[in-house]
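The values are calculated or read from the model by the stated rules, or taken from the named source; none is laboratory data. Owing to the predicted nature of the structure, the values given are computational and were not obtained by experimental measurement. No Cβ is skipped: glycine too gets one built from the backbone with ideal geometry, and neighbour counts run over all protein chains shown.
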């Protein structure tokens, strides 16, 4: 019988650690074992095989919790580095207000762009969200950013044109902690870049050159760019230049026109 093989002897080293005696016990799952009677515990020890299985399960659960915590921290960092404005954080496709058939097409196209982002990345396919102000272009652009960060493990950065220019110009300060090359790199390297408020002001040569360097840099690396502007498609080349617009269109670039009235009209101030 197995009970005959269970060692109930207490050696001197075990006595030094408080073991008083051992007694035969039985586990319904693992059979007979030596239960340890110790000065340090009011009750005998349980089945060692059950204890080992429980330890392995605790270690597994702890490891999974650590992995989940690390993943959550990484996601939080990616979301933070996206620099999505507070007003547009957490925006998604379902809370976009669309009433007419034309309006309903835009969130559907943007959702498809986000859900197929792997193929979008492969092709370097850009997206132009153009048209009237107050029609939800920035909402949808940031919904795309949020989706690919959470679901694709991708990186995204939202910047207005003014923000881009300020960032690049900041590298020229003698006290700057980053170089011009690093400023451009931070805008070229993300999986997705959103450039908002294109054409909001009359472009200068510096603005056009800066935007070309960024769009061209992303074009060469086949990284998608989303351009958000209140301009109509035929007006965009006068602001960005034909070379930029051609690069944005290449690889199956998508243009969506928001030509309905602003949702903010009639809203009390």
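In the list 153, 163, which residue meets the criterion of being modelled with pLDDT of 90 or more and either closer than 29 Å to residue 185 by Cα or under 20 Å from the mean Cα position of the chain (by Cα) (or both)?
Exactly one of 153, 163 is modelled with pLDDT of 90 or more and either closer than 29 Å to residue 185 by Cα or under 20 Å from the mean Cα position of the chain (by Cα) (or both), namely 163.
Does any residue of the stretch 209-225 turn out to be surrounded by 14 or more Cβ atoms within 10 Å (Cβ to Cβ) and over 19 Å from residue 241 (Cα atoms)?
Checking the stretch 209-225: at least one residue is surrounded by 14 or more Cβ atoms within 10 Å (Cβ to Cβ) and over 19 Å from residue 241 (Cα atoms).
Here are some conditions: (1) surrounded by 13 or more Cβ atoms within 10 Å (Cβ to Cβ); (2) under 26 Å from residue 113 (Cα atoms). Residue 176 meets all but one. Which one does it not meet?
With (1) surrounded by 13 or more Cβ atoms within 10 Å (Cβ to Cβ); (2) under 26 Å from residue 113 (Cα atoms) applied to residue 176, the lone miss is (2).
Would you check if there is a residue in the stretch 50-61 being assigned to a helix (DSSP H, G or I), touching a strand residue (DSSP E or B) at 6+ places or on another chain (Cβ under 9 Å) and surrounded by 10 or more Cβ atoms within 10 Å (Cβ to Cβ)?
Taking the stretch 50-61 first, the residues assigned to a helix (DSSP H, G or I) are 50-61.
Still in the running and touching a strand residue (DSSP E or B) at 6+ places or on another chain (Cβ under 9 Å): 50.
Checking which are surrounded by 10 or more Cβ atoms within 10 Å (Cβ to Cβ) leaves us with 50.
Yes: one or more hits.
Please indicate, with yes or no, whether at least one residue in the stretch 248-255 is part of a helix (DSSP H, G or I), closer than 24 Å to residue 145 by Cβ, in contact (Cβ under 8 Å) with a residue 24 or more places away in the chain and in the same structural domain as residue 98 (by TED's automatic domain parsing).
If we filter the stretch 248-255 for residues that are part of a helix (DSSP H, G or I), which is where we start, we get 248-249.
Narrowing the set further to residues that are closer than 24 Å to residue 145 by Cβ leaves 248-249.
If we keep only those that are in contact (Cβ under 8 Å) with a residue 24 or more places away in the chain too, we end up with 248-249.
Add one more test, that the residue is in the same structural domain as residue 98 (by TED's automatic domain parsing), and what stays is 248-249.
Yes, some residue in the stretch 248-255 is part of a helix (DSSP H, G or I), closer than 24 Å to residue 145 by Cβ, in contact (Cβ under 8 Å) with a residue 24 or more places away in the chain and in the same structural domain as residue 98 (by TED's automatic domain parsing).
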